[in-house]
Amino acid sequence: MPNTLACCSPTQAVVDSDSGTPLYFAPEVLAGQPHTVRSDNYALGVLLYQLAVGDFKKPLSPGWERDIADPLLREDIALAADGNPQHRLGDAEELARRLRSLDSRREQRARRAAQQALEQSQREAAEKLRADNQQLRSRRRWQWLAIVALGIGLLAGLTLYRRAGLAQQQALEAADTAEAVSAFLADDLLAAANPARVDVRRLTVKALIDAAEQRVGPRFAANPLAEARVRRALATAYYSLGQTDSAFAQIRQAWRLLPGLLDRRSTQLPEVAAQLAQLPDAARSLDLPLWMQVLTTMQAQVGASDPRVLEVALFIGGIHFDRGNFDDCFRLLDQSLAAARTLRPRQALLESRIQHLLSRAYISVDRYPESIAASREALSLLRTPALAGGAERAIALQLHYLGRALRFYGQLPQAEQALEAAGATIFRNARDDSEPVTELRWELLELHLMQKRWALAESEANGLLSNIQGQFESGGDNRTLLFLLGARAALAGGQGDWAKAEGLAREQLAGFEALQRDLRRGIPRDRISIVVSTIGLMRALIEQGKTQEARAALDALDPADLRTVDIVPLNSVSLHRVLGLLALAEGQSALARQELNKARDTLSKLCAPEHPWFAELNAALERAGAGSHLMD
């Protein structure tokens with residue numbers, strides 16, 4: 001079911017009393033009362049909250065306070081978006097004044113903390129001297145201890161003073177950053193949404209962000225940490241609105257901050273790098289050697305177990321994952337996981353994200369038991385009281401990947417249970433044509449095919465076809481349509497219509513061959529897809545008795561392409577299975593047994609004994625042993 005609150009497009013109004021999204025409606029407006037300036041201020045409060053969390057589709061729901069770490073900003077949002085209009089801020093200028101004063105309030109708090117740390121260090125040093133002097137008076141013969149005590153006291157005082165000074169420097173640095181960000185919010189972003197100046201009911205979210213974005217560079221020229229934070233928020237905002245090009249522009253602008261900080265060994269490097277590492281996934285196409293240099297420098301600056309270091313390490317692990325460098329990915333993630341475990345329970349969410357990427361990487365290399373274990377560990381962390389129920393979406397996503405690993409492993413009832421639990425959240429909170437819904441439907445389609453639930457599989461396939469065709473007509477990649485052709489071919493074969501399966505498989509194969517010939521669009525994975533498409537075509541031809549055409553389809557494959565099946569062992573199982581069926585159809589029982597045994601041996605190393613392919617392979621081997629023809 002689509003989520004109407006998640007359907008706000010870049011052209012929709014922030015607040016529209018006639019047709020706008022309820023996301024920004026004040027409670028009294030939803031109750032049918034007239035729209036007032038205080039209702040507009042409620043919308044600004046929601047907008048400020050969304051900017052702070054970097055998600056312009058997230059409602060201000062109960063428990064939102066847990067998303068805002070800064071208590072002063074939390075207080076300002078609460079005052080602007082109070083459910084009672086009488087307790088709400090009177091106008092946007094008042095909210096802007098409070099945001100402008102965030103810098104002074106934070107600085108006062110930081111200075112008080114630094115002063116308290118310094119006073120505490122002085123008290124500890126004085127107490128140390130008093131204790132040593134008392135010991136000296138009680139043991140007069142040890143007068144040389146006075147010198148030692150004095151040295152210890154001075155050294156302790158100096159060390160604590162330096163620590164307090166460092167804390168003060170970091171606090172002041174944070175205060176400067178907060179001041180700059182607050183000024184941006186008050187003077188640039190909220191100024192564009194001031195009800196006294198514009199009609200906010202006709203102001204779009206995208207127009208608001210576009211206007212503020214123009215002022216980012218000049219405002220933060222001397223404060224890269226503040227710029228990184230704002231660019232990250234803007235990139236995430238554009239990304240959530242579907243404005244990918246605008247998001248990439250923010251990523252590129254943020255990216256240019258790193259080399260200068262790295263060259264200067266700036267103390268801001270760890271914080272800036274950690275901010276940039278949390279940009280949308282598209283940032284992973286950037287410079288890997290530079291990120292490795294950043295990581296090494298950060299480790300030397302703040303230690304390997306610093307959460308900011310782990311954030312960057314996780315980001316680099318994602319780059320390795322995207323590029324198929326799985327050995328490097330596992331090495332880095334294993335190191336990061338060991339470090340994150342030393343930070344329990346404070347970094348439960350970060351540790352769960354490391355486990356999440358590990359679970360995905362294990363699936364990619366067919367290590368399904370390890371993926372299942374990583375997913376379950378991630379879910380355990382996400383359900384800890386420390387996260388207080390604020391990880392619903394992350395839990396749903398992890399359940400999705402748990403279901404995928406269980407499906408590949410062959411434990412279908414457990415896979416179905418995990419996917420249904422994921423769907424309870426995903427289908428409720430995302431649009432029908434969104435990526436999370438599409439991916440979950442793919443899993444359910446594949447699951448139903450393995451369970452031979454043809455009616456359910458057909459329903460999912462039809463729903464996916466409608467969504468994917470719409471995306472393709474909007475300029476999307478047609479590879480997804482080609483993959484769906486393969487699933488529909490398997491469905492037709494399962495229903496006994498092998499002629500239809502043949503037609504769909506030929507259409508899929510022709511599509512991937514066309515992509516491979518087009519050097520501008522072809523990618524290495526297309527070669528694997530050509531082999532997989534050919535395997536599906538061969539099965540359809542064999543089941544119709546067209547063995548010569550099946551052999552011709554096999555011979556038409558490039559030997560180099562044929563070897564790509566070893567990259568994904570389950571594809572190797574499919575290849576040896578169809579080669580066994582072809583040999584059996586040609587009356588070559590010994591060769592059939594050889595190929596089918598290869599398929600079964602490989603499958604036994606990857607999957608659970610209850611995987612449905614074992615039954616199919618055993619039935620084929622039984623017929624090969626009797627020298628009979630296999631026609632399932």
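The values are calculated or read from the model by the stated rules, or taken from the named source; none is laboratory data. Fair warning: this is a prediction, and the values are worked out from it, not measured in the lab. Note: ideal-geometry Cβ built from the backbone for every residue, glycine included; neighbour counts use all protein chains shown. Calculation scope for accessible area: heavy atoms of the full protein, side chains included, ligands and nucleic acids excluded. Shrake-Rupley method; radii C 1.70, N 1.55, O 1.52, S 1.80 Å.
Just a few scattered comments:
- Within segment 381-404, restricting attention to residues that are of a type in the set (Gly, Ala, Ser) and without any contact (Cβ under 8 Å) to a residue 60 or more places away in the chain, the residue that is nearest to Pro569 (Cα to Cα) is Gly403.
- Residue within segment 446-464 that is assigned to a helix (DSSP H, G or I) and among the basic types (Lys, Arg) present: no
- Residue check for Ala69: surrounded by fewer than 17 Cβ atoms within 10 Å (Cβ to Cβ) and within 30 Å of Leu349 (Cα to Cα): yes
- Matching residues in segment 305-325 - criterion: being open to solvent by 50 Å² or more (accessible area, probe 1.4 Å) and assigned to a helix (DSSP H, G or I): Arg308, Asp322
- First in segment 26-38 and of a type in the set (S, T, N, Q), second anywhere and open to solvent by 50 Å² or more (accessible area, probe 1.4 Å) and assigned to a loop (DSSP other than H, G, I, E, B), Cβ under 8 Å, 6 or more apart: none
- In the set (1) at pLDDT 85 or above; (2) of a type outside the set (A, V, I, L, M); (3) not in a helix (DSSP H, G or I), Glu507 fails one condition alone, (3).
- For segment 74-93, the candidate set comprises residues that are in a helix (DSSP H, G or I) and open to solvent by less than 20 Å² (accessible area, probe 1.4 Å); within that set, the residue that is nearest to Leu349 (Cα to Cα) is Ile77.
- Selection within segment 549-586 - under 25 Å from Arg323 (Cβ atoms) and among the aliphatic types (A, V, I, L, M): Ala560, Leu562, Val565, Ile567, Val568, Leu570
One line per residue, one yes/no per condition, for (1) open to solvent by 20 Å² or more (accessible area, probe 1.4 Å); (2) touching a Cys at 6+ places or on another chain (Cβ under 9 Å); (3) part of a helix (DSSP H, G or I):
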position	(1), (2), (3)
Pro218	yes, no, yes
Ala221	yes, no, no
Leu234	no, no, yes
Tyr239	yes, no, yes
Gln250	no, no, yes
Leu261	no, no, yes
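- For Met298: the one exception among (1) in contact with a Pro (Cβ under 6 Å, 6 or more places away or on another chain); (2) within 30 Å of Leu60 (Cβ to Cβ); (3) of a type in the set (A, V, I, L, M, F, W, C); (4) surrounded by 21 or more Cβ atoms within 10 Å (Cβ to Cβ): (2)
- One residue stands out in segment 82-130 among those that are among the small types (Gly, Ala, Ser) and within 30 Å of Arg38 (Cβ to Cβ): the one that is modelled with the lowest pLDDT, namely Ala92.
- Odd one out for Arg517 among (1) open to solvent by 60 Å² or more (accessible area, probe 1.4 Å); (2) at pLDDT 90 or above: (2)
- Within segment 405-435, tally of residues that are under 21 Å from the mean Cα position of the chain (by Cα) and without any contact (Cβ under 8 Å) to a residue 40 or more places away in the chain: 12
- Residue list for segment 537-553, filter: crowded, with 16+ Cβ neighbours inside 10 Å and out of contact with any helix residue (DSSP H, G or I) (no Cβ under 6 Å at 6 or more places or on another chain): Lys546, Arg551
- Complete set of residues in segment 270-295 that are more than 16 Å from Ala235 (Cβ to Cβ) and either surrounded by fewer than 23 Cβ atoms within 10 Å (Cβ to Cβ) or modelled with pLDDT under 90 (or both): Pro270, Glu271, Asp287, Leu288, Pro289, Leu290, Trp291, Met292, Gln293, Leu295
Let's see how each residue does on (1) part of a helix (DSSP H, G or I); (2) surrounded by fewer than 24 Cβ atoms within 10 Å (Cβ to Cβ):
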{"residue": "Ala339", "(1), (2)": "yes, yes"}
{"residue": "Leu358", "(1), (2)": "yes, no"}
{"residue": "Asp366", "(1), (2)": "no, yes"}
{"residue": "Arg376", "(1), (2)": "yes, yes"}
